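Notes for the one structure printed next.
Bear in mind these aren't lab numbers, they're just calculated from the coordinates by the rules spelled out. Predicted model only: the values in this text are computed from it and were never measured. Here the Cβ positions follow ideal geometry from the backbone for every residue, glycine too, while neighbour counts run over all protein chains shown.
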Amino acid sequence: MRLIIKHRHIITAVIVILLLGVLVYLGTRLQNLKKEDVAADTFAGTAMGTAVKKTIYSDSPAKSEEVSKEIDTCLEELENQISVRISSSEVALCNRNYAVDGVYELSERLIGYLKQEMDICKETNGAFSPCIRPLADLWGIEDGKTEVPDDTMIRDTLEKTDASKIEITDNGIIFHKENMAIDFGASGKGIACDQITEILRKNGVEGAVVSVGGSIAVYGSKGNGKDWHIGIRDPRGDEDEVLGIVDFTGSKMIATSGDYEKYFESGVKRYHHILDPATGYPADNDLMSVTVISANGFLSDALSTACFVMGLEKGMDYAEEKGVDAVFVTKDKKVYVTKKLKKSFHIKADGYNLVKKNKLSGK
Ligand code: ADP
Ligand code: MG
């Protein structure tokens, strides 16, 4: 008895440690049990003129389905606001009804995105143009046109895609020329990914991978704490053929712009839908695709298009400067990645080679 009293502190400490051990063990078990309940549900459809695929990890199929429906509604609303193809959309109304040199009022949301697009336009020396639409219409590649427009017409259109002829104010936009038009073709699917992520967060699902065309929102986890392994498309393969895999944990937004998405061929030349505002022709450089990975869907999407137009060297410098991860694939099947991505990107497709050392602009 006296021995117990003498060592009572040690005994209390041992009991406390044992109890803590039991608690930690039970906690982990409970967590694992909970995680084992998480299952994947997949949904496929179309929105914003492209394929939408959703894999939602949650503890109930009913919840996943509800979230999937909420995403569909959100995509429809967004399309109704920003699509140039829907004549009643805010963007289409603006393009049709603005008066030269006057302020055309826009919603706060669009002003916010347009301001960011103007920043990207300045940072890229105009490679990214928020008002590319008249040129995209002239080429009509998204609408299935397969002829190169007249060179004079292309040159005449360039003054309408010159972003120095528009101003974004606190309540709207000013166009200084007639027949100009804004366009969210390069960033809209990324904006969708940001909104989708908000819905996933709000509904408390465990994780999800949602792709809207070439933009992917990866959210949370599969429920087992393991890395995501997300495939980047082979620019010369079928839709489900993967060039390489990027590994990471947590949420990220991935966008790919490529010359394979919408194009036609004439002779040996491929004319695609990513246009260079400097020439009026499809960006003609060594690239087949650019993938950008960041925390923000809008940024990933806009920068994937911008970097594609800029080409390998300038695009790579710009991606590093913006602190985003990026994968550049050249026509000779070489793959260049930003510094931080070197360890987590792995080539899977035959014939492609990862260039280990980027000796690009000598930086
Ligand atoms: P996708 O729409 O196939 O995912 P992108 O995100 O690269 O591909 O966007 C391409 C679209 O962006 C084009 O269809 C056009 O509407 C628009 N676009 C093309 N060139 C430019 C450019 N230089 N700057 C801004 N937007 C562009
Ligand atoms: Mg884009």
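Considering (1) surrounded by fewer than 20 Cβ atoms within 10 Å (Cβ to Cβ); (2) more than 20 Å from L75 (Cα to Cα), the lone condition that E206 does not fulfil carries the number (1). Exactly one residue among I191, I254 is in contact with a helix residue (DSSP H, G or I) (Cβ under 9 Å, 6 or more places away or on another chain), part of a strand (DSSP E or B) and within 16 Å of ligand 2 (Cβ to nearest atom), and that residue is I254.
Only a single item in (1) of a type outside the set (A, V, I, L, M, F, W, C); (2) in contact (Cβ under 8 Å) with a residue 60 or more places away in the chain; (3) away from ligand 1 (no atom under 14 Å from the Cβ); (4) more than 23 Å from K222 (Cα to Cα) is not met by P282, and it is number (3). State yes or no: is S64 more than 19 Å from the chain's Cα centre (by Cα) and surrounded by fewer than 16 Cβ atoms within 10 Å (Cβ to Cβ)? Here the answer is no, as S64 does not meet what is asked.
T73: closer than 24 Å to K262 by Cβ, exposed (fewer than 14 other Cβ atoms within 10 Å of the Cβ) and free of Cβ contacts under 8 Å to residues at least 12 places away in the same chain, yes or no? Taking the combined requirement at face value, the residue does not satisfy it. Note on segment 49-102: among residues that are of a type in the set (K, R) and in a helix (DSSP H, G or I), the one that is farthest from F184 (Cα to Cα) is K63.
The residues of segment 109-143 that are over 13 Å from I274 (Cβ atoms) and among the acidic types (D, E), listed by number, are E117, D119, E123, D137, D143. Segment 258-363 holds strands (runs of 3 or more DSSP E) entirely within its bounds, and those carrying 1 or more residues that are away from ligand 2 (no atom under 16 Å from the Cβ), of a type in the set (S, T, N, Q) and in contact with a Leu (Cβ under 7 Å, 6 or more places away or on another chain) map to 325-330. If you go through segment 194-234 and keep only what is within 18 Å of E70 (Cα to Cα), of a type outside the set (G, A, S), in a strand (DSSP E or B) and in contact (Cβ under 8 Å) with a residue 40 or more places away in the chain, you end up with V209, V210, V212.
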